[in-house]
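The values are calculated or read from the model by the stated rules, or taken from the named source; none is laboratory data. Computed from a predicted model, the values in this text were never measured in an experiment. Heads up, the Cβs are rebuilt from the backbone with ideal geometry, glycines too, and the neighbour counts pull from every protein chain shown. Ligands, DNA and RNA are stripped out before the accessible areas are found, and what is left, the full protein with its side chains, is counted by its heavy atoms. Shrake-Rupley method; radii C 1.70, N 1.55, O 1.52, S 1.80 Å.
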Amino acid sequence: MIKHPAVLAVVALAVFLASPLAAQQTLTRGGSFSADIAHDGRIAIDLAGDIWIVPAGGGKAVPVTSNLNTAQRPRWSPSGSRIAYQAVSLGVTGLFVYDFATRQSSSISRGGSFDMRPAWHPDGERIVYASDATGEGFDLWEVDLRSGLHWRLSDRPGDETDAAWSSDGGDLVYVHQKDDTWSLILRRRGLPEETLVSTRDRIAGPSWRPDGSLITFFREGNPARSIDMVILSEPRLVRKYASGEEFGLSPISWQDRHRMLYTAGGALWQRLFNSWTSSPLPFEATLQDARSAIPAETLTRRPLPPVDEPPGRLVIRAARLFDGLGGGYQTDRDIVIDGGRITAVEPHADRPGSIVIDMGDLAVLPGYIDTHGNLSGLLSRFGDQAGPMVLAAGVTTLVARHGDAPRLDDLWSGKAMPGPRLLSRDDWPVPDLRSMADATTPGIAVLLQSRQARLARITGPLARRFSEPLSLSGNASAFVLASYENGLPAGIGLHAEFLALDAAGLTPEEAIKGAGVNAAAALKLDPLLGRIAVGAAADLVFVDGDPLTNVRDALEIVAVVRNGRFFSVSGLIDRLAPAASVE
């Protein structure tokens, strides 16, 4: 699948900015956002994960949803009394309808499948949408809001998305993608389907002119996007309508047959169809930062109490060391560990009276941190032995919700049954985290065949949560990894997130920082975690490969140091009961 900056609004769900925002922030631009105009000129937009209403003609936007963090693609009902949108609930993207009369949103999805991109039928009681309910790609479905009945409208190989009804409700247009071919398909009442456009350029966002004379759509051409149109004459005519702008990919919204609205370059633009130019429609939205209500004392760094730290000195001799902060590898360093803390990082030297472990040419990294992992399934199947399983994947600190966390943290900090440092999600919350990996993540099938995945007995395919692999752009310095929502167990779930970030365009170093210094900062545990430095916890990962060049090598783990104790991965597996081990 092709990756596009237009998916940035979805990707923002996977981001946590480690530095707190101000109590208020006023936005006058929306990044890659969607907009839809009602017949009376009000405009619905998705901004910062919620749905907002901009007055006719522009001005101060007012939110109609609160702290959803994931709302997208708002669409007005024909009467202007309701708005359909998509949002993530319980880790799954579904559809919702906001009713202005009740000021409440209600789910219209059946649950479990990935439903997206709603569009109203002109009768105001039906919504067409794309869903992967069959698990074999996106098909078009429709739901009757009065009865709650759903039925499938399409069943082609590949994906069918971006459906839109004509204003009289007689004809349907949609986008079909199979392999590298994108097609614009017209379904007229009582007639065979007609392919209006077929191309290797990505196409998206078809929209009917209200008089039914033409259909506009976006084309991802070379070198830039354009608005194209199909004039529904005989024969059909395909023409370029506009170019030279950073168009969003949500459908053009028509207020009437002359006036149209679209997004480009993070702004709203209005245009008369027969005009050569567009004019901006200004708006502003004031965001309230929920984190500003956190007491000031909780914003300071938190202590990390020692738990069962071993006596004596251990020296790790590393030919290649990534300290977690940046700048690539340091070479020929000794990591001196006293108890459970690092007390020196120095050039190689004689260390009489110390236990010295020479790691040869293995890469040494800070232990991985998962700021929200799924531990319940592993504990229910393997009990306390879940600790060595997670540790074998290099996760040395895990935040999870479990009532037995204090006992497990104490147990897994010792020698007999080692595991990750376990922090309770209730005591160590990190807000606004979303996972990015799903069934479309490149390399996920290979990951699920790895030794660590087979050890955890992962069964069944990973769910599809996004319409295509996500794309990221801009400053990645604040990305924080959390694996809970991708559905995989702790340990292997973090490596799925590495793959997703790699596919989204981050460098391996940026991805690793997301499970290192950025995660430690989000937990307010820097500089104690996420780095190899004096005073930091002695949590290390030894990798046979070059993870700063290829993040997939981050799973090629030979050994770990946890709480100042050295464990080989083969030794961790040997600690497991035979029923839990793999060949």
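Observations on the structure shown:
- Any hit, the stretch 135-145, residues being surrounded by 23 or more Cβ atoms within 10 Å (Cβ to Cβ), touching a residue at least 60 places away in the same chain (Cβ under 8 Å) and more than 30 Å from ASP256 (Cβ to Cβ): yes
- Only one entry of ALA445, ALA439 meets the criterion of being assigned to a loop (DSSP other than H, G, I, E, B) and of a type in the set (A, V, I, L, M, F, W, C), and that entry is ALA439.
- In the stretch 350-370, the qualifying residues are those that are without any contact (Cβ under 8 Å) to a residue 60 or more places away in the chain and open to solvent by less than 40 Å² (accessible area, probe 1.4 Å), and the one that is farthest from the chain's Cα centre (by Cα) is SER354.
- Complete set of residues in the stretch 104-141 that are modelled with pLDDT under 95 and charged (D, E, K, R): ARG110, ASP115, ASP132, GLU136
- Boolean, ALA87 is over 19 Å from GLU125 (Cβ atoms) and either modelled with pLDDT of 95 or more or within 24 Å of the chain's Cα centre (by Cα) (or both): yes
- Inside the stretch 373-403, residues that are assigned to a loop (DSSP other than H, G, I, E, B), out of contact with any Pro (no Cβ under 9 Å at 6 or more places or on another chain), open to solvent by 10 Å² or more (accessible area, probe 1.4 Å) and in contact (Cβ under 8 Å) with a residue 24 or more places away in the chain make up a count of 2.
- Residue count, the stretch 309-343 (criterion: assigned to a strand (DSSP E or B), within 14 Å of PRO366 (Cβ to Cβ) and of a type in the set (D, E, K, R)): 3
- Residue match in the stretch 104-115 (condition: surrounded by 24 or more Cβ atoms within 10 Å (Cβ to Cβ) and in a strand (DSSP E or B)): yes
- Restricting attention to the stretch 258-284, the residues being surrounded by 14 or more Cβ atoms within 10 Å (Cβ to Cβ) and either more than 16 Å from ASP228 (Cα to Cα) or of a type in the set (S, T, N, Q) (or both) number 12.
Let's see how each residue does on (1) within 20 Å of ALA130 (Cβ to Cβ); (2) polar (S, T, N, Q):
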site: ILE53; (1), (2): no, no
site: SER66; (1), (2): no, yes
site: ARG73; (1), (2): yes, no
site: LEU95; (1), (2): yes, no
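- Residue within the stretch 567-581 that is within 29 Å of ARG434 (Cβ to Cβ) and open to solvent by less than 10 Å² (accessible area, probe 1.4 Å) present: no
- Test set (1) of a type in the set (A, V, I, L, M); (2) in contact with a helix residue (DSSP H, G or I) (Cβ under 7 Å, 6 or more places away or on another chain); (3) in a loop (DSSP other than H, G, I, E, B); (4) open to solvent by less than 10 Å² (accessible area, probe 1.4 Å) - ALA482 fails condition number: (2)
- Members of the stretch 420-436 found to be part of a loop (DSSP other than H, G, I, E, B) and aliphatic (A, V, I, L, M), listed by number: VAL430, LEU433, MET436
- Selection from the stretch 177-216 of residues that are part of a strand (DSSP E or B), small (Gly, Ala, Ser) and open to solvent by 50 Å² or more (accessible area, probe 1.4 Å): SER198
- Within the stretch 527-539, residues that are within 18 Å of GLU346 (Cβ to Cβ) reach partners that are open to solvent by less than 10 Å² (accessible area, probe 1.4 Å) and basic (Lys, Arg) with beta carbons closer than 9 Å, at six or more positions or on different chains, in the pairs ALA538/ARG562.
- Count of residues meeting criterion [in a loop (DSSP other than H, G, I, E, B) and not acidic (Asp, Glu)] in the stretch 353-372: 8
- Within the stretch 226-247, tally of residues that are farther than 17 Å from SER275 by Cα and either open to solvent by less than 30 Å² (accessible area, probe 1.4 Å) or outside any strand (DSSP E or B) (or both): 8
- In the stretch 434-450, the residue that is nearest to the chain's Cα centre (by Cα) out of those that are of a type in the set (A, V, I, L, M) and more than 21 Å from LEU379 (Cβ to Cβ) is MET436.
- Take the conditions (1) farther than 25 Å from ARG341 by Cα; (2) part of a loop (DSSP other than H, G, I, E, B); MET417 misses just one of them, which is (1).
- Taking the criterion of being assigned to a loop (DSSP other than H, G, I, E, B), within 23 Å of SER467 (Cβ to Cβ) and open to solvent by less than 10 Å² (accessible area, probe 1.4 Å), the only residue of the stretch 492-522 that qualifies is ALA504.
- Qualifying positions in the stretch 49-83 - touching a Pro at 6+ places or on another chain (Cβ under 9 Å), among the small types (Gly, Ala, Ser) and at positive phi: GLY58, GLY59
- Residue match in the stretch 523-545 (condition: out of contact with any Ser or Thr (no Cβ under 8 Å at 6 or more places or on another chain), modelled with pLDDT under 95, assigned to a helix (DSSP H, G or I) and closer than 19 Å to ARG341 by Cα): no
- Those residues of the stretch 133-172 which are in a strand (DSSP E or B) and of a type outside the set (A, V, I, L, M, F, W, C), in sequence order: ASP139, GLU142, ASP144, HIS150, ARG152, ASP159, GLU160, THR161, ASP162, ASP171
- Those residues of the stretch 33-68 which are more than 18 Å from ARG82 (Cβ to Cβ) and either buried (at least 19 other Cβ atoms within 10 Å of the Cβ) or hydroxyl-bearing (Ser, Thr, Tyr) (or both), in sequence order: PHE33, LEU47, ALA48, GLY49, ALA61
- Among the residues here, ALA559 does not qualify as modelled with pLDDT of 95 or more and under 22 Å from the mean Cα position of the chain (by Cα).
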